[in-house]
Amino acid sequence: MLHIMKLAVGVHDIAHLAELQAARLVIDPPLRHRTRNFPRRADEVVDGGSIYWVIGGAMLVRQRIVDVIHDTREDGSACAALVLDPVLVPVAGRPVKAFQGWRYLIAADAPPDIAAMQAAEGAEALPAEMIRELRALGLL
């Protein structure tokens with residue numbers, strides 16, 4: 001299994017990504033992310049891989065990649081499309097330096113899903129607004 005890491009340019013937080021994708025899914029299904037280059041290791045990516053979105057300098061959320069297909073942009077130019085499961089899965093936030101395009105991410109280097117992690121000790125004592133903000137950022 002192999003994953004892909006990608007910057008979510010212009011996205012403010014996980015909720016904003018969900019909003020943008022929900023609108024896109026209604027207008028132009030299936031949900032997909034178009035990219036210029038077709039992954040050479042597409043078979044490994046489709047075999048259980050996810051796209052890990054980097055939002056605001058941190059890897060915060062992932063989506064399962066259902067398929068990688070040849071596609072066409074609105075202007076008629078050829079591209080690849082990563083067909084995505086619409087479910088966004090928050091992951092343990094990890095800082096990531098900016099990069100262009102996308103990068104492969106081996107499974108051993110992928111951050112764990114937050115749901116699979118043990119709750120942070122003392123988190124319930126934080127102010128409610130701080131908890132909401134940390135959850136929106138995928139950090140709690």
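The values are calculated or read from the model by the stated rules, or taken from the named source; none is laboratory data. Keep in mind the model is a prediction, meaning the values are calculated, not measured. Backbone-built Cβ (ideal geometry, glycine too); neighbour counts: all protein chains shown. These accessible areas exclude ligands, DNA and RNA; they are computed on the full protein's heavy atoms, side chains included. Shrake-Rupley method; radii C 1.70, N 1.55, O 1.52, S 1.80 Å.
Structure summary
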{"quantity": "Residues located in region 110-140, provided they are modelled with pLDDT of 75 or more and under 17 Å from Arg62 (Cβ atoms)", "calculated": "Ala110, Pro111, Pro112, Asp113, Ile114, Ala115"}
{"quantity": "Selection from region 90-122 of residues that are under 22 Å from His16 (Cα atoms) and part of a loop (DSSP other than H, G, I, E, B)", "calculated": "Val96, Lys97, Ala98, Phe99, Gln100, Gly101, Pro111, Pro112"}
{"quantity": "Out of Pro90, Pro86, Pro112, Pro95, sole residue that is open to solvent by less than 60 Å² (accessible area, probe 1.4 Å) and within 21 Å of Met5 (Cβ to Cβ)", "calculated": "Pro90"}
{"quantity": "Condition check for Val45: surrounded by 16 or more Cβ atoms within 10 Å (Cβ to Cβ), without any contact (Cβ under 8 Å) to a residue 60 or more places away in the chain and in a loop (DSSP other than H, G, I, E, B)", "calculated": "no"}
{"quantity": "Residue satisfying all of: in region 1-42; among the small types (Gly, Ala, Ser) and assigned to a loop (DSSP other than H, G, I, E, B); most open to solvent (accessible area, probe 1.4 Å) among these", "calculated": "Gly10"}
{"quantity": "Per-region count, region 61-83, residues surrounded by 18 or more Cβ atoms within 10 Å (Cβ to Cβ) and modelled with pLDDT under 95", "calculated": "0"}
{"quantity": "Positions within region 1-24 being touching a Phe, Trp or Tyr at 6+ places or on another chain (Cβ under 9 Å) and free of Cβ contacts under 8 Å to residues at least 60 places away in the same chain, in sequence order", "calculated": "Ala8, Val11"}
{"quantity": "Those residues of region 48-81 which are assigned to a strand (DSSP E or B) and among the polar types (S, T, N, Q), in sequence order", "calculated": "Ser50, Gln63, Thr72"}
